[in-house]
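The values are calculated or read from the model by the stated rules, or taken from the named source; none is laboratory data. All values derive from a computational prediction rather than experimental measurement. Using ideal geometry, Cβ is built from the backbone for each residue, glycine included, and neighbour counts are taken over all protein chains shown. With ligands, DNA and RNA removed, areas are computed over all heavy atoms of the protein, side chains included. Shrake-Rupley method; radii C 1.70, N 1.55, O 1.52, S 1.80 Å.
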Amino acid sequence: MRATAPSRTQLGAPPATGGAPLDFEVSNLWKVFGADSARIASDESMRSHSAADILASTGCVTAVRDLSFSVARGEVFVVMGLSGSGKSTLVRCLTRLIEPTAGAISLDGHDVMALNPKELRELRRRKVSMVFQHFGLLPFRSVLDNVAFGLEIRGIGPAERYATAREVIELVGLHGYEARFPDQLSGGMQQRVGLARALAADPDVLLFDEPFSALDPLIRRDMQAEVIRLHRDMGKTMVFITHDLNEALKLGDRILIMRNGELVQIGTGDELVGAPADEYVADFVSDVARSHVLTLKWVVTDVPHDLPSGASTLPANTIISDAIPAVLGSSSPVLVVDGDTVIGVVDRDAILREVAGVPHIC
(Lines give C-alpha, C1' and ligand atoms only; values in the text may rest on other atoms or scores of the structure.)
Protein backbone atom coordinates (compact mmCIF):
# COMPACT_ATOMS: atom_id res chain seq x y z
CA MET A 1 0.00 0.00 0.00
CA ARG A 2 1.34 3.42 -0.95
CA ALA A 3 -0.11 6.58 0.54
CA THR A 4 -1.79 8.77 -2.06
CA ALA A 5 -1.33 12.51 -2.22
CA PRO A 6 -4.18 14.75 -1.09
CA SER A 7 -6.47 15.95 -3.87
CA ARG A 8 -5.09 19.50 -3.91
CA THR A 9 -1.96 18.22 -5.65
CA GLN A 10 -3.94 17.17 -8.69
CA LEU A 11 -3.47 19.20 -11.83
CA GLY A 12 -5.48 22.40 -11.67
CA ALA A 13 -7.04 21.77 -8.24
CA PRO A 14 -7.27 24.75 -5.88
CA PRO A 15 -5.07 24.61 -2.78
CA ALA A 16 -6.50 23.79 0.60
CA THR A 17 -5.65 26.02 3.55
CA GLY A 18 -6.88 23.91 6.44
CA GLY A 19 -9.52 26.45 7.44
CA ALA A 20 -6.90 29.09 8.32
CA PRO A 21 -7.69 32.76 7.64
CA LEU A 22 -6.57 33.81 4.16
CA ASP A 23 -4.37 36.73 3.19
CA PHE A 24 -4.45 36.32 -0.59
CA GLU A 25 -7.20 34.81 -2.71
CA VAL A 26 -6.52 34.86 -6.43
CA SER A 27 -9.16 33.73 -8.93
CA ASN A 28 -8.89 33.27 -12.70
CA LEU A 29 -6.04 35.75 -12.97
CA TRP A 30 -4.77 36.72 -16.43
CA LYS A 31 -1.97 39.01 -17.55
CA VAL A 32 -1.74 39.32 -21.31
CA PHE A 33 0.72 41.70 -22.95
CA GLY A 34 -0.37 43.04 -26.32
CA ALA A 35 -2.96 45.11 -28.16
CA ASP A 36 -5.64 42.40 -28.04
CA SER A 37 -5.12 41.45 -24.39
CA ALA A 38 -8.66 42.02 -23.06
CA ARG A 39 -10.27 39.89 -25.77
CA ILE A 40 -7.87 37.02 -25.22
CA ALA A 41 -8.50 36.96 -21.46
CA SER A 42 -12.29 36.99 -21.92
CA ASP A 43 -12.50 34.57 -24.86
CA GLU A 44 -13.28 31.06 -23.56
CA SER A 45 -11.97 29.52 -26.78
CA MET A 46 -8.49 30.86 -26.04
CA ARG A 47 -8.18 28.54 -23.05
CA SER A 48 -7.68 25.60 -25.40
CA HIS A 49 -4.80 27.31 -27.25
CA SER A 50 -1.20 27.15 -26.11
CA ALA A 51 0.76 30.29 -25.28
CA ALA A 52 2.82 29.72 -28.42
CA ASP A 53 -0.31 29.49 -30.58
CA ILE A 54 -1.74 32.69 -29.08
CA LEU A 55 1.54 34.51 -29.68
CA ALA A 56 1.69 33.30 -33.28
CA SER A 57 -1.93 34.21 -34.10
CA THR A 58 -2.34 37.46 -32.15
CA GLY A 59 1.14 38.74 -31.27
CA CYS A 60 0.13 38.74 -27.58
CA VAL A 61 2.09 37.15 -24.72
CA THR A 62 0.07 35.33 -22.05
CA ALA A 63 2.36 35.78 -19.04
CA VAL A 64 -0.23 34.65 -16.46
CA ARG A 65 -3.07 32.44 -17.59
CA ASP A 66 -6.28 31.72 -15.66
CA LEU A 67 -4.43 31.23 -12.36
CA SER A 68 -6.26 30.55 -9.07
CA PHE A 69 -4.80 29.92 -5.60
CA SER A 70 -5.04 31.00 -1.97
CA VAL A 71 -2.39 31.91 0.60
CA ALA A 72 -3.16 31.32 4.26
CA ARG A 73 -2.24 33.88 6.89
CA GLY A 74 1.24 33.17 8.26
CA GLU A 75 2.11 30.80 5.41
CA VAL A 76 5.33 30.76 3.39
CA PHE A 77 3.96 30.22 -0.11
CA VAL A 78 6.53 29.61 -2.84
CA VAL A 79 5.95 30.15 -6.57
CA MET A 80 8.51 28.53 -8.79
CA GLY A 81 9.15 27.77 -12.42
CA LEU A 82 11.71 28.14 -15.16
CA SER A 83 12.63 31.52 -16.61
CA GLY A 84 9.69 32.89 -18.58
CA SER A 85 7.10 30.87 -16.67
CA GLY A 86 5.34 34.03 -15.44
CA LYS A 87 6.21 33.87 -11.74
CA SER A 88 7.69 37.39 -11.45
CA THR A 89 4.78 38.86 -13.42
CA LEU A 90 2.41 37.06 -11.06
CA VAL A 91 3.92 38.49 -7.87
CA ARG A 92 3.80 42.01 -9.31
CA CYS A 93 0.14 41.54 -10.21
CA LEU A 94 -0.71 40.83 -6.57
CA THR A 95 -0.33 44.52 -5.68
CA ARG A 96 -0.95 45.76 -9.23
CA LEU A 97 2.60 46.92 -9.83
CA ILE A 98 1.69 45.23 -13.10
CA GLU A 99 -1.98 45.71 -13.90
CA PRO A 100 -3.76 42.34 -14.40
CA THR A 101 -5.77 41.91 -17.57
CA ALA A 102 -8.59 40.01 -15.87
CA GLY A 103 -9.43 38.08 -12.72
CA ALA A 104 -9.90 38.76 -9.03
CA ILE A 105 -7.38 39.43 -6.24
CA SER A 106 -8.42 39.69 -2.60
CA LEU A 107 -6.07 40.68 0.24
CA ASP A 108 -7.39 40.09 3.75
CA GLY A 109 -10.91 40.20 2.32
CA HIS A 110 -10.44 43.47 0.42
CA ASP A 111 -10.83 43.62 -3.37
CA VAL A 112 -7.42 44.72 -4.67
CA MET A 113 -8.79 45.19 -8.19
CA ALA A 114 -11.26 47.81 -6.91
CA LEU A 115 -8.67 50.02 -5.19
CA ASN A 116 -8.06 53.50 -6.56
CA PRO A 117 -4.49 54.86 -6.98
CA LYS A 118 -4.39 56.42 -3.50
CA GLU A 119 -5.64 53.22 -1.87
CA LEU A 120 -3.09 51.18 -3.81
CA ARG A 121 -0.27 53.39 -2.54
CA GLU A 122 -1.48 52.86 1.02
CA LEU A 123 -1.65 49.10 0.43
CA ARG A 124 1.97 49.06 -0.73
CA ARG A 125 3.14 51.32 2.08
CA ARG A 126 1.40 49.65 4.99
CA LYS A 127 0.11 46.13 4.26
CA VAL A 128 2.51 44.63 1.71
CA SER A 129 6.27 45.06 1.30
CA MET A 130 8.39 43.68 -1.52
CA VAL A 131 12.00 42.47 -1.58
CA PHE A 132 13.52 42.38 -5.06
CA GLN A 133 16.51 40.58 -6.54
CA HIS A 134 18.17 43.96 -7.15
CA PHE A 135 18.43 45.65 -3.80
CA GLY A 136 17.53 49.18 -4.94
CA LEU A 137 19.30 50.83 -2.01
CA LEU A 138 19.82 54.57 -2.04
CA PRO A 139 23.61 54.87 -2.54
CA PHE A 140 24.10 58.18 -0.73
CA ARG A 141 22.10 57.20 2.33
CA SER A 142 23.45 55.21 5.26
CA VAL A 143 22.10 51.82 6.27
CA LEU A 144 20.01 53.51 8.96
CA ASP A 145 18.54 56.01 6.51
CA ASN A 146 17.84 53.33 3.90
CA VAL A 147 15.94 51.24 6.41
CA ALA A 148 14.01 54.27 7.69
CA PHE A 149 13.19 55.56 4.19
CA GLY A 150 9.78 53.91 3.88
CA LEU A 151 8.74 55.30 7.24
CA GLU A 152 9.98 58.74 6.21
CA ILE A 153 7.75 58.87 3.14
CA ARG A 154 4.83 57.86 5.36
CA GLY A 155 5.42 61.03 7.36
CA ILE A 156 6.69 59.38 10.54
CA GLY A 157 8.91 61.67 12.60
CA PRO A 158 12.68 61.20 12.93
CA ALA A 159 12.71 59.88 16.50
CA GLU A 160 10.11 57.17 15.86
CA ARG A 161 11.37 56.10 12.46
CA TYR A 162 15.00 55.84 13.56
CA ALA A 163 14.04 53.91 16.68
CA THR A 164 12.09 51.45 14.52
CA ALA A 165 14.91 51.23 11.98
CA ARG A 166 17.45 50.42 14.70
CA GLU A 167 15.23 47.66 16.06
CA VAL A 168 14.88 46.06 12.64
CA ILE A 169 18.60 46.43 11.86
CA GLU A 170 19.28 44.52 15.07
CA LEU A 171 16.72 41.90 14.02
CA VAL A 172 18.46 41.16 10.69
CA GLY A 173 21.93 41.03 12.22
CA LEU A 174 23.34 44.38 11.03
CA HIS A 175 23.94 46.05 14.39
CA GLY A 176 27.09 48.15 14.15
CA TYR A 177 26.63 48.90 10.44
CA GLU A 178 24.06 51.68 10.82
CA ALA A 179 26.44 54.40 9.56
CA ARG A 180 27.81 52.40 6.62
CA PHE A 181 26.84 53.12 3.02
CA PRO A 182 25.68 50.45 0.53
CA ASP A 183 28.98 50.35 -1.39
CA GLN A 184 30.73 49.48 1.88
CA LEU A 185 28.68 46.30 2.29
CA SER A 186 28.83 42.84 0.79
CA GLY A 187 26.00 41.60 -1.42
CA GLY A 188 24.52 39.57 1.41
CA MET A 189 24.62 42.53 3.76
CA GLN A 190 22.98 44.75 1.15
CA GLN A 191 20.18 42.21 0.84
CA ARG A 192 19.77 42.28 4.62
CA VAL A 193 19.32 46.05 4.37
CA GLY A 194 16.64 45.52 1.72
CA LEU A 195 14.94 42.97 3.97
CA ALA A 196 15.15 45.33 6.97
CA ARG A 197 13.65 48.15 4.90
CA ALA A 198 10.69 45.90 4.02
CA LEU A 199 10.24 44.79 7.65
CA ALA A 200 10.44 48.32 9.06
CA ALA A 201 6.99 49.10 7.66
CA ASP A 202 5.58 46.17 9.70
CA PRO A 203 3.57 44.82 6.72
CA ASP A 204 1.12 41.95 6.94
CA VAL A 205 2.60 40.32 3.84
CA LEU A 206 6.13 40.13 2.42
CA LEU A 207 6.64 39.44 -1.30
CA PHE A 208 10.06 38.16 -2.38
CA ASP A 209 11.00 38.16 -6.07
CA GLU A 210 14.05 35.89 -6.40
CA PRO A 211 15.86 37.98 -3.77
CA PHE A 212 18.86 35.68 -3.36
CA SER A 213 19.52 34.52 -6.93
CA ALA A 214 22.43 36.93 -7.44
CA LEU A 215 24.18 35.96 -4.20
CA ASP A 216 27.04 33.52 -3.75
CA PRO A 217 25.90 30.04 -2.62
CA LEU A 218 27.11 30.37 0.98
CA ILE A 219 25.59 33.83 1.40
CA ARG A 220 22.40 32.58 -0.22
CA ARG A 221 22.19 29.76 2.30
CA ASP A 222 22.67 32.22 5.15
CA MET A 223 19.90 34.45 3.80
CA GLN A 224 17.55 31.49 3.45
CA ALA A 225 18.21 30.64 7.09
CA GLU A 226 17.56 34.28 7.96
CA VAL A 227 14.15 34.21 6.25
CA ILE A 228 13.25 31.00 8.10
CA ARG A 229 14.28 32.57 11.42
CA LEU A 230 12.37 35.78 10.76
CA HIS A 231 9.27 33.84 9.80
CA ARG A 232 9.52 31.79 12.98
CA ASP A 233 9.96 34.92 15.10
CA MET A 234 7.45 37.21 13.35
CA GLY A 235 4.92 34.91 11.67
CA LYS A 236 4.51 37.11 8.59
CA THR A 237 2.78 35.81 5.49
CA MET A 238 5.41 35.40 2.78
CA VAL A 239 5.07 34.83 -0.96
CA PHE A 240 8.47 33.78 -2.28
CA ILE A 241 9.41 33.58 -5.98
CA THR A 242 12.29 31.32 -7.00
CA HIS A 243 13.50 29.10 -9.84
CA ASP A 244 15.49 26.93 -7.40
CA LEU A 245 13.68 23.79 -6.24
CA ASN A 246 15.97 23.23 -3.27
CA GLU A 247 15.25 26.77 -2.09
CA ALA A 248 11.52 26.18 -2.57
CA LEU A 249 11.62 22.94 -0.58
CA LYS A 250 13.65 24.56 2.19
CA LEU A 251 11.42 27.62 2.60
CA GLY A 252 7.92 26.74 1.46
CA ASP A 253 4.97 25.46 3.43
CA ARG A 254 3.38 24.94 0.00
CA ILE A 255 4.76 25.33 -3.50
CA LEU A 256 3.03 26.36 -6.72
CA ILE A 257 4.79 25.28 -9.92
CA MET A 258 4.16 27.35 -13.06
CA ARG A 259 4.79 26.67 -16.74
CA ASN A 260 3.97 29.09 -19.57
CA GLY A 261 1.90 31.22 -17.20
CA GLU A 262 -0.24 28.32 -15.97
CA LEU A 263 -0.50 26.40 -12.72
CA VAL A 264 0.90 22.91 -13.13
CA GLN A 265 0.79 21.65 -9.56
CA ILE A 266 0.39 23.01 -6.05
CA GLY A 267 1.13 21.27 -2.77
CA THR A 268 3.61 20.66 0.00
CA GLY A 269 7.16 19.64 -0.85
CA ASP A 270 6.57 15.97 -0.10
CA GLU A 271 3.41 16.00 -2.23
CA LEU A 272 5.32 17.35 -5.24
CA VAL A 273 8.14 14.84 -4.81
CA GLY A 274 5.91 11.90 -3.91
CA ALA A 275 3.13 12.44 -6.47
CA PRO A 276 4.21 14.71 -9.33
CA ALA A 277 1.25 15.76 -11.46
CA ASP A 278 3.00 15.23 -14.81
CA GLU A 279 6.37 14.66 -16.45
CA TYR A 280 7.26 18.36 -16.15
CA VAL A 281 7.02 18.24 -12.35
CA ALA A 282 8.65 14.80 -12.28
CA ASP A 283 11.66 16.23 -14.14
CA PHE A 284 11.77 19.15 -11.71
CA VAL A 285 12.01 16.87 -8.67
CA SER A 286 14.04 14.04 -10.22
CA ASP A 287 17.30 15.05 -8.52
CA VAL A 288 15.79 15.61 -5.09
CA ALA A 289 17.04 13.36 -2.27
CA ARG A 290 13.66 11.75 -1.62
CA SER A 291 14.56 10.53 1.85
CA HIS A 292 15.15 14.15 2.95
CA VAL A 293 11.75 15.35 1.71
CA LEU A 294 9.24 12.50 1.87
CA THR A 295 7.56 11.52 5.11
CA LEU A 296 6.79 8.02 6.33
CA LYS A 297 3.23 8.18 4.98
CA TRP A 298 4.71 7.69 1.49
CA VAL A 299 6.43 4.37 2.26
CA VAL A 300 4.06 2.58 4.63
CA THR A 301 2.86 -0.95 3.92
CA ASP A 302 0.00 -2.90 5.47
CA VAL A 303 0.41 -4.07 9.06
CA PRO A 304 1.48 -7.74 8.99
CA HIS A 305 -0.64 -10.23 10.94
CA ASP A 306 2.40 -11.53 12.81
CA LEU A 307 3.67 -8.12 14.02
CA PRO A 308 4.92 -8.58 17.59
CA SER A 309 3.03 -6.78 20.33
CA GLY A 310 4.67 -3.67 21.71
CA ALA A 311 6.11 -2.58 18.35
CA SER A 312 7.58 0.91 18.38
CA THR A 313 5.74 3.76 16.66
CA LEU A 314 6.61 6.89 14.66
CA PRO A 315 4.37 9.77 13.49
CA ALA A 316 3.35 9.70 9.82
CA ASN A 317 4.86 13.17 9.24
CA THR A 318 8.36 12.04 10.23
CA ILE A 319 10.90 12.72 7.47
CA ILE A 320 12.29 9.41 6.21
CA SER A 321 15.92 10.37 6.87
CA ASP A 322 15.00 11.29 10.46
CA ALA A 323 13.41 7.87 10.95
CA ILE A 324 16.52 5.91 9.96
CA PRO A 325 17.94 5.32 13.48
CA ALA A 326 14.60 4.13 14.92
CA VAL A 327 13.69 1.86 12.00
CA LEU A 328 17.14 0.32 11.48
CA GLY A 329 17.50 -0.14 15.21
CA SER A 330 14.22 -2.07 15.52
CA SER A 331 14.05 -5.83 15.19
CA SER A 332 10.55 -5.61 13.71
CA PRO A 333 8.62 -3.19 11.49
CA VAL A 334 7.72 0.13 13.08
CA LEU A 335 4.09 1.23 13.32
CA VAL A 336 3.32 4.53 11.57
CA VAL A 337 0.56 6.56 13.20
CA ASP A 338 -1.45 9.58 12.13
CA GLY A 339 -2.72 10.92 15.44
CA ASP A 340 -4.37 7.91 17.10
CA THR A 341 -4.77 5.98 13.84
CA VAL A 342 -2.30 3.34 12.65
CA ILE A 343 -1.87 3.79 8.89
CA GLY A 344 0.68 1.04 8.31
CA VAL A 345 4.24 -0.03 9.06
CA VAL A 346 7.67 0.84 7.75
CA ASP A 347 10.60 -1.55 7.75
CA ARG A 348 14.30 -1.53 6.96
CA ASP A 349 13.82 -2.42 3.30
CA ALA A 350 11.49 0.55 2.70
CA ILE A 351 13.88 2.95 4.41
CA LEU A 352 16.93 1.66 2.54
CA ARG A 353 15.12 1.82 -0.82
CA GLU A 354 14.39 5.52 -0.32
CA VAL A 355 17.89 6.29 0.92
CA ALA A 356 19.19 4.61 -2.25
CA GLY A 357 16.78 6.68 -4.35
CA VAL A 358 14.57 3.80 -5.45
CA PRO A 359 10.86 4.80 -5.41
CA HIS A 360 8.54 2.58 -3.39
CA ILE A 361 5.87 1.00 -5.63
CA CYS A 362 3.27 -1.56 -4.64
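Quick rundown of the values:
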| quantity | calculated |
| --- | --- |
| Check: the stretch 22-121 dipole with +1 on Lys, Arg Cβ and -1 on Asp, Glu Cβ, in debye | 300 |
| For M130, distant residues with modelled amide H under 5 Å away | L207 |
| Amide H contacts under 5 Å for I343, placed H, 5+ residues apart | V336, V337, D338 |
| Beta bridges per DSSP with both ends in the chain, % antiparallel, nearest 5 | 55 |
| For H134, solvent-accessible area (1.4 Å; no DNA, RNA or ligand), Å² | 140 |
| Solvent-accessible surface (1.4 angstrom probe) belonging to R221, in square angstrom, nearest 10 | 130 |
| L82-S186 pseudo-label distance in nm [points 7 Å out on the Cα-to-Cβ vector] | 3.4 |
| Prolate/oblate/rounded label for the stretch 220-362 (Cα gyration tensor, a/c 1.5) | prolate |
| Over the chain, relative contact order from alpha-carbon pairs under 8 Å, at least 6 apart, % | 20 |
| Carbon plus sulfur fraction of accessible area for the chain, probe 1.4 Å, in percent | 52 |
| Sites D322 and S27, calculated FRET efficiency, Cβ-Cβ separation with R0 41 Å, nearest 0.05 | 0.60 |
| Residues of the stretch 196-212 with amide N under 19 Å of the 7 Å Cα→Cβ point at E122 | 201-205 |
| Segments 155-164, 77-86 sorted - mean Cβ within 10 Å per residue, highest first | 77-86, 155-164 |
| Largest-first ordering by accessible area, 1.4 Å probe, given options H175, H243 | H175, H243 |
| Under the Karplus curve 6.51 cos²θ - 1.76 cosθ + 1.60, θ = phi - 60°, whole-Hz ³J(HN,Hα) for the stretch 284-301, x wherever Gly or Pro sits | 4, 9, 5, 9, 6, 6, 4, 5, 9, 10, 6, 9, 4, 4, 7, 10, 5, 10 |
| Value of [θ]222 nm, deg cm²/dmol, for the chain, DSSP H segments ≥ 4, -39500 (n - 2.57) each, nearest 500 | -9500 deg cm²/dmol |
| Gyration tensor (alpha-carbon) shape descriptor, the chain, a/c threshold 1.5 | oblate |
